[in-house]
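Chemist: My questions all concern the structure below.
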Amino acid sequence: EMGATQISADIDDPLRQRLRNVVEEMAIASGVPVPDIFVMENEPGINAFAAGFSTEDAAVAVTRGALEQLTREELQGVIGHEFSHILNGDMRLNVRLMGILFGMIFIGQLGRRLIRSAGRRGAIVSRNRDSGGSPFVFVGIALFILGSIGVLAARLIRAGVSRQREYLADASAVQFTRQTEGI
């Protein structure tokens, strides 16, 4: 529970109505259906995010601080930024990147467990002295190294992609709002 309340279409509060108007404007500008709108009531800082896997199930949330402290132009810039994430499928991309990262972590952990398992069973010292050790140890080491390299590469790729998507979101916000002051 994040303490967020959904903003309905028939709202009386002027700050919430301004937020709804800005979200509807950005929906028109971006060609995206109006997402569900939430305010995180217990958050005094300025922040916002978009959630959902497609434009049809998207939601936008802003903190109470953003609602109260930002000018209309700044709010437009923030909401335009979030609409870019929705329009460009950034939430889906992040889930895919996290899946790859999890897969690499899993491979590394599997290698670590193979090494531990072989060590506990005394498999490191093989019954057959000519073999030089258990094949499970070597497979485990290879998987551990592969997983570790994969995790490092996945994190670097994710960081690079995230940075580029943030630049794109800022540029799109300017395109949607037709002004640079809010950004």
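Chemist: Please work out if Val22 is aliphatic (A, V, I, L, M) and either open to solvent by less than 50 Å² (accessible area, probe 1.4 Å) or not in a loop (DSSP other than H, G, I, E, B) (or both).
Modeler: On the way: aliphatic (A, V, I, L, M): yes; either open to solvent by less than 50 Å² (accessible area, probe 1.4 Å) or not in a loop (DSSP other than H, G, I, E, B) (or both): yes.
Spelling it out, Val22 is indeed aliphatic (A, V, I, L, M) and either open to solvent by less than 50 Å² (accessible area, probe 1.4 Å) or not in a loop (DSSP other than H, G, I, E, B) (or both).
Chemist: Considering only the range 72-116, state which residues are under 14 Å from the mean Cα position of the chain (by Cα), buried (at least 20 other Cβ atoms within 10 Å of the Cβ) and of a type in the set (Gly, Ala, Ser).
Modeler: Correct list: Ser84 only.
Chemist: Follow-up. Hey, can you tell me all the residues within the range 163-179 that are open to solvent by 40 Å² or more (accessible area, probe 1.4 Å) and in contact with a helix residue (DSSP H, G or I) (Cβ under 9 Å, 6 or more places away or on another chain)? Break it down stepwise before answering.
Modeler: Step one: list which residues in the range 163-179 are open to solvent by 40 Å² or more (accessible area, probe 1.4 Å), which gives 163-168, 170-171, 174-175, 178.
If the condition is that a residue be open to solvent by 40 Å² or more (accessible area, probe 1.4 Å) and in contact with a helix residue (DSSP H, G or I) (Cβ under 9 Å, 6 or more places away or on another chain), then Arg165, Glu166, Leu168, Asp170, Ala171, Val174, Gln175, Arg178 are the ones that fit.
Chemist: On the given criteria, is Arg158 closer than 29 Å to Gly31 by Cβ, surrounded by 13 or more Cβ atoms within 10 Å (Cβ to Cβ) and modelled with pLDDT under 85? Walk me through it before giving the result.
Modeler: Numbers: closer than 29 Å to Gly31 by Cβ: yes; surrounded by 13 or more Cβ atoms within 10 Å (Cβ to Cβ): yes; modelled with pLDDT under 85: yes.
It is true that Arg158 is closer than 29 Å to Gly31 by Cβ, surrounded by 13 or more Cβ atoms within 10 Å (Cβ to Cβ) and modelled with pLDDT under 85.
Chemist: May I pose another question? Can you name every residue in the range 38-52 that is open to solvent by less than 70 Å² (accessible area, probe 1.4 Å) and assigned to a loop (DSSP other than H, G, I, E, B)?
Modeler: So in the range 38-52, the residues open to solvent by less than 70 Å² (accessible area, probe 1.4 Å) come out as 38-41, 45, 48, 50-52.
The answer is Glu41, Gly45, Gly52.
Chemist: Exactly one condition in (1) of a type in the set (Asp, Glu); (2) at pLDDT 90 or above; (3) more than 22 Å from Arg163 (Cβ to Cβ) is false for Glu56; which is it?
Modeler: Condition not satisfied by Glu56: (2).
Chemist: Right, here's the next one. Taking Thr55 and the conditions (1) within 18 Å of the chain's Cα centre (by Cα); (2) open to solvent by less than 20 Å² (accessible area, probe 1.4 Å), which numbered condition does it fall short on, given that it satisfies the others?
Modeler: (2)
Chemist: Which of (1) surrounded by fewer than 16 Cβ atoms within 10 Å (Cβ to Cβ); (2) over 20 Å from the mean Cα position of the chain (by Cα); (3) touching a residue at least 24 places away in the same chain (Cβ under 8 Å) does Gln69 not meet, given it meets every other one?
Modeler: (3)
Chemist: Let me ask another. Please work out which residue is surrounded by the most Cβ atoms within 10 Å (Cβ to Cβ), limiting yourself to the range 28-37 and to residues that are touching a helix residue (DSSP H, G or I) at 6+ places or on another chain (Cβ under 7 Å) and of a type outside the set (Val, Ile, Thr). Reasoning before the result, please.
Modeler: Taking the range 28-37 and keeping what is touching a helix residue (DSSP H, G or I) at 6+ places or on another chain (Cβ under 7 Å), we get 29-30, 32-35, 37.
In the following step, the residues that additionally are of a type outside the set (Val, Ile, Thr) were identified as 29-30, 33, 35.
Numbers: Ala29: 18, Ser30: 20, Pro33: 12, Pro35: 22.
Of everything passing the filter in the range 28-37, Pro35 is surrounded by the most Cβ atoms within 10 Å (Cβ to Cβ).
Chemist: Right, another one. Given Arg116, Arg129, Arg96, Arg112, which one is of a type in the set (D, E, K, R) and either modelled with pLDDT under 80 or in contact with a strand residue (DSSP E or B) (Cβ under 9 Å, 6 or more places away or on another chain) (or both)? Full working, then the answer.
Modeler: Values: Arg116 fails: either modelled with pLDDT under 80 or in contact with a strand residue (DSSP E or B) (Cβ under 9 Å, 6 or more places away or on another chain) (or both); Arg96 fails: either modelled with pLDDT under 80 or in contact with a strand residue (DSSP E or B) (Cβ under 9 Å, 6 or more places away or on another chain) (or both); Arg112 fails: either modelled with pLDDT under 80 or in contact with a strand residue (DSSP E or B) (Cβ under 9 Å, 6 or more places away or on another chain) (or both).
After applying the criteria, what remains is Arg129.
Chemist: If you don't mind, another one. Within the range 25-37, work out how many residues are without any contact (Cβ under 8 Å) to a residue 12 or more places away in the chain and part of a helix (DSSP H, G or I).
Modeler: Initially, the range 25-37 is screened for residues without any contact (Cβ under 8 Å) to a residue 12 or more places away in the chain, giving 28, 34.
Within this subset, residues satisfying the condition of being part of a helix (DSSP H, G or I) are 28.
Result for the range 25-37: 1.
The values are calculated or read from the model by the stated rules, or taken from the named source; none is laboratory data. Everything numeric here is computed off the predicted structure, so don't read it as measured data. Because the Cβ atoms are built from the backbone with ideal geometry, glycine has one as well, and the counts that use them run over all protein chains shown. For the accessible areas, the whole protein counts, side chains as well, though only heavy atoms, and no ligand, DNA or RNA atoms are used. Shrake-Rupley method; radii C 1.70, N 1.55, O 1.52, S 1.80 Å.
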